[in-house]
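Structure record follows, encoded as structure tokens.
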Amino acid sequence: MRWGKVAVVVGIGPGLGLAIARRFAREGFSVVGLVRTPDRVAPEAEIEVRQADAADPAELDAALRSIEVERGPIEVLVYNAYRVSPGGPATPEPQDFAADLQVNVVGAYAAARTMHGLMAPRGRGSIILTGGGLALDPRPWLSAFSLSAGKAALRNLAYSLSAAFKADGVALATVTIAGRIQEGTPFSPDLIADAYWRLHLEGLSAGPEVMFTRE
């Protein structure tokens, strides 16, 4: 069975991930959310939630390819997964720091690499990575040191991959959210989700990074 336009949100959750999924569903997309613990998110009419661990590249690859087989071509991939070990610089154990980077950076690269392989032969597709202002300056939240390092690496990844993917018709960009995500503020999940939709519409004309600020 073919489902029409398909979007996938890796790291769907009750905040931004679900808001992004709902935004694309409102535009007629069939949305699949991938998360390590699916019971965190209740499925909705146009949003299916499946299990996949963003820390496991093989599992992530298999999940994305399964969606393509069952639902048809994935038009949009949003990587929104993250992991953080609380503690300032030099606090996390090396193995915890590595586990954070595995989700925050390696998982994003693995998902982007899989989707590029699927999208490039079609000459179209959008890959959007959830970044953060901590990539630019970690000092506002030093207690999330490992997340800051991951977002900085993710931003570099977006800049590194964007031009190469663009040559194949695949748009890749990061949304750098320069503020704390919170309902009722300029950084509410729904407002940020609108930026993801606009970025998809811009396609190849968009740059590797969109800054989301309160202005």
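Could you check, for the stretch 68-80, whether at least one of its residues is of a type in the set (Phe, Trp, Tyr), in contact (Cβ under 8 Å) with a residue 24 or more places away in the chain and open to solvent by 60 Å² or more (accessible area, probe 1.4 Å)? Don't jump to the end; show me each part of the working.
Taking the stretch 68-80 and keeping what is of a type in the set (Phe, Trp, Tyr), we get 79.
Next, only the ones that are in contact (Cβ under 8 Å) with a residue 24 or more places away in the chain stay: 79.
So of that shortlist, the ones also open to solvent by 60 Å² or more (accessible area, probe 1.4 Å) come out as none.
Scanning the stretch 68-80, I find no residue that is of a type in the set (Phe, Trp, Tyr), in contact (Cβ under 8 Å) with a residue 24 or more places away in the chain and open to solvent by 60 Å² or more (accessible area, probe 1.4 Å), so the answer is no.
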**Prompt:** Within the stretch 21-43, restricting attention to residues that are in contact with a Gly (Cβ under 9 Å, 6 or more places away or on another chain) and in a helix (DSSP H, G or I), which residue is nearest to residue 191 (Cα to Cα)?
**Reply:** 21
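Does any residue of the stretch 17-38 turn out to be touching a Leu at 6+ places or on another chain (Cβ under 7 Å), of a type outside the set (Ser, Thr, Tyr), at pLDDT below 95 and farther than 14 Å from residue 196 by Cα?
Quick first cut of the stretch 17-38, residues touching a Leu at 6+ places or on another chain (Cβ under 7 Å) only: none.
Taking every residue of the stretch 17-38 in turn, none turns out to be touching a Leu at 6+ places or on another chain (Cβ under 7 Å), of a type outside the set (Ser, Thr, Tyr), at pLDDT below 95 and farther than 14 Å from residue 196 by Cα.
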**Item:** Subset of the stretch 1-55 that is free of Cβ contacts under 8 Å to residues at least 12 places away in the same chain and charged (D, E, K, R) - its residue that is least open to solvent (accessible area, probe 1.4 Å)
**Value:** 39
**Asked** Can you tell which of 41, 78 is under 21 Å from residue 173 (Cα atoms) and either touching a strand residue (DSSP E or B) at 6+ places or on another chain (Cβ under 9 Å) or not aromatic (Phe, Trp, Tyr) (or both)?
**Response** 78
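Out of 122, 139, report the one residue that is within 24 Å of residue 96 (Cα to Cα) and loosely packed, with under 15 Cβ neighbours inside 10 Å. Steps first, please.
On the way: 122 fails: within 24 Å of residue 96 (Cα to Cα).
After applying the criteria, what remains is 139.
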**Prompt:** Can you tell me which residues in the stretch 44-76 are among the acidic types (Asp, Glu), farther than 19 Å from residue 127 by Cβ and assigned to a strand (DSSP E or B)?
**Reply:** 44, 48
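Mind checking whether some residue in the stretch 103-110 is within 20 Å of residue 150 (Cβ to Cβ), open to solvent by 40 Å² or more (accessible area, probe 1.4 Å) and either touching an Asp or Glu at 6+ places or on another chain (Cβ under 7 Å) or outside any loop (DSSP other than H, G, I, E, B) (or both)? Don't jump to the end; show me each part of the working.
Within the stretch 103-110, the first condition is being within 20 Å of residue 150 (Cβ to Cβ), and the residues that meet it are 103-110.
Narrowing the set further to residues that are open to solvent by 40 Å² or more (accessible area, probe 1.4 Å) leaves 106, 109.
If we keep only those that are either touching an Asp or Glu at 6+ places or on another chain (Cβ under 7 Å) or outside any loop (DSSP other than H, G, I, E, B) (or both) as well, we get 106, 109.
So far as the stretch 103-110 goes, yes, one or more of its residues are within 20 Å of residue 150 (Cβ to Cβ), open to solvent by 40 Å² or more (accessible area, probe 1.4 Å) and either touching an Asp or Glu at 6+ places or on another chain (Cβ under 7 Å) or outside any loop (DSSP other than H, G, I, E, B) (or both).
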**Message:** For the stretch 142-195, which positions are in contact with a helix residue (DSSP H, G or I) (Cβ under 8 Å, 6 or more places away or on another chain), farther than 16 Å from residue 100 by Cβ and open to solvent by 40 Å² or more (accessible area, probe 1.4 Å)?
**Reply:** 166, 168, 178, 181, 183, 190, 194
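The values are calculated or read from the model by the stated rules, or taken from the named source; none is laboratory data. Keep in mind it's a predicted model, so treat the numbers as computed, not measured. A quick note on method: Cβ atoms are made from the backbone with ideal geometry, for glycine too, and the neighbour counts reach across all protein chains shown. Surface accessibility is based on the protein's heavy atoms, side chains included, excluding ligands, DNA and RNA. Shrake-Rupley method; radii C 1.70, N 1.55, O 1.52, S 1.80 Å.
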